[in-house]
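Notes follow the structure.
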Amino acid sequence: MTCAVHEEAESIATCSSCGKAMCDACATHEVDGAPSCAACAELAMSRSEAIGGLVIMTMAAAYVAMLAVATRGGGSVPRLLGTGIAAVVTIAFGRGLLMAFRIPSHVQPRRGGEAPR
Ligand SMILES: [Zn+2]
Ligand SMILES: [Zn+2]
């Protein structure tokens, strides 16, 4: 099998995202440890950033909503405890969201020449 871009070069790996055959020069990145072409690595990175921003915004909104719920009761729950619970629930919620979206945590330049076939 030869590289999808360089016809003369033997492919050493296939991109984990688009499945394109890549030679040593093309397999420039790793996404979560799997070989990836530059385009997919870039895509994964920007997607990860975009979703990360979305998750943070959602978490902020959830936090405010939780605060409103937690502190609405007045006397029954101390206000400080309410905000603490709201923070904990929001963080747990955010982590769940991150896992649900399976955001690539590691987009990195590939170490030379040792990518799995
Ligand atoms: Zn790719
Ligand atoms: Zn190539």
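What follows is calculated from the coordinates using simple rules that are stated; it is not laboratory data. This is a predicted model, so every value here is computed, not measured. Using ideal geometry, Cβ is built from the backbone for each residue, glycine included, and neighbour counts are taken over all protein chains shown.
How big is the chain along each principal axis, measuring the range of its Cα positions in Å and listing the largest first?
Extents along the principal axes, in whole Å: 75, 20, 16.
Let me check against my output: what whole-number percent is the relative contact order of the chain, with C-alpha pairs under 8 Å and at least 6 apart?
28
For residue 5 paired with residue 39, estimate the spin-label separation in nm (one decimal), with each label point 7 Å from Cα along the Cα-to-Cβ line.
The two pseudo-label positions are separated by 1.0 nm.
Can you order the peptides 46-57, 10-21, 81-92, 25-36 by their average number of other Cβ atoms within 10 Å per residue, highest first?
Details: 46-57: 13.2, 10-21: 17.8, 81-92: 14.8, 25-36: 19.8.
Output ranking for 46-57, 10-21, 81-92, 25-36: 25-36, 10-21, 81-92, 46-57.
For residue 81 and residue 25, calculate 0.36 nm times their separation in residues minus their Cα-Cα distance, and state this gained length in nm to one decimal. Walk me through the intermediate numbers first.
Details: separation 56, 0.36 × 56 = 20.16 nm, distance 5.57 nm.
Additional length available on full extension: 14.6 nm.
Among 2, 14, 87, whose Cα projects farthest towards the positive end of the dipole of the range 1-109, with charges put on the beta-carbon of Lys, Arg (+1) and Asp, Glu (-1)?
My answer, from the dipole projection, is 87.
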